[in-house]
Amino acid sequence: MVSDSDCVLLSPRTAQCIVSKEGNSRCNDCGEAHPEWGSVSFGVLVCSRCAGKHRHLGVHITKVRSVLMDAWNENEVSMMLAGGNASFSCFRMKINQRESSFLERYKSPSSDWYRMSLLSIVRGGSVGGLDISDGALKALCTADFQWEQNSMTKTSLRSTVVRTQPKVTGVTKVVRKSKGDHTEQWYCDLLPCIGLFAIVSLGQ
């Protein structure tokens with residue numbers, strides 16, 4: 001396990017090696033020029049705005065580092081050098097998802113395969129690198145399709161949930177006569193979550 005003490009700021013030479021990789025001159029997600037944030041998990045460069053979206057997914061899916069401001073360890077640098085925006089885009093085109101959504105690019109079964117394959121290369125355990133056989137490619141396409149259908153179903157179910165609101169009762173008029181006095185009291189029940197009521201008393 002790499003400790004924090006093993007992390008250092010990128011040297012100008014290392015940073016240049018990362019940003020000069022094919023496709024890294026533009027954000028991998030939105031195409032903005034000169035991205036300065038790296039998704040270590042996928043070996044791609046993204047802009048600061050898209051880096052925020054990556055953080056929202058969680059570090060267990062995509063971990064981001066600033067090329068200029070953050071300290072990096074050796075494994076993180078190796079992930080960036082083994083990957084690259086062009087490599088990632090080429091993989092997405094193989095499974096016909098070059099124009100896929102943000103979640104499809106980073107949370108689908110095929111994205112999991114890419115992330116783990118890249119990690120295997122860095123650890124020296126990959127046989128075929130990022131190359132994928134036709135059979136495995138077909139299996140990933142099928143898995144992605146099923147994942148997308150399940151995601152759409154969950155979204156549809158959430159949108160059909162009826163949210164019930166606390167019932168607001170009407171205004172009740174009570175007339176009370178006492179010792180010749182005629183007093184009208186109006187009670188207005190408010191929302192139970194507020195826990196208040198109003199009373200208006202009218203004079204004689």
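The values are calculated or read from the model by the stated rules, or taken from the named source; none is laboratory data. All of these numbers come straight from a predicted model, not from anything done at the bench. Positions of Cβ are backbone-derived with ideal geometry, glycine not excepted, and every protein chain shown enters the neighbour counts.
A few points about this structure:
- The combined condition, being without any contact (Cβ under 8 Å) to a residue 24 or more places away in the chain and either small (Gly, Ala, Ser) or under 14 Å from Arg105 (Cα atoms) (or both), is fulfilled by Cys90.
- Residue in the stretch 100-121 that is exposed (fewer than 14 other Cβ atoms within 10 Å of the Cβ) and within 17 Å of Val46 (Cβ to Cβ) present: yes
- Residues of the stretch 1-41 that turn out to be basic (Lys, Arg) and either surrounded by 13 or more Cβ atoms within 10 Å (Cβ to Cβ) or modelled with pLDDT under 95 (or both), as a count: 2
- Among the residues of the stretch 76-96, those that are at pLDDT below 95 and over 14 Å from Phe42 (Cβ atoms) comprise Met93, Lys94, Ile95, Asn96.
- A single entry from Cys90, Cys50, Cys27 fulfils the requirement of being under 16 Å from the mean Cα position of the chain (by Cα) and assigned by TED's automatic domain parsing to the domain that holds Gly135: Cys50.
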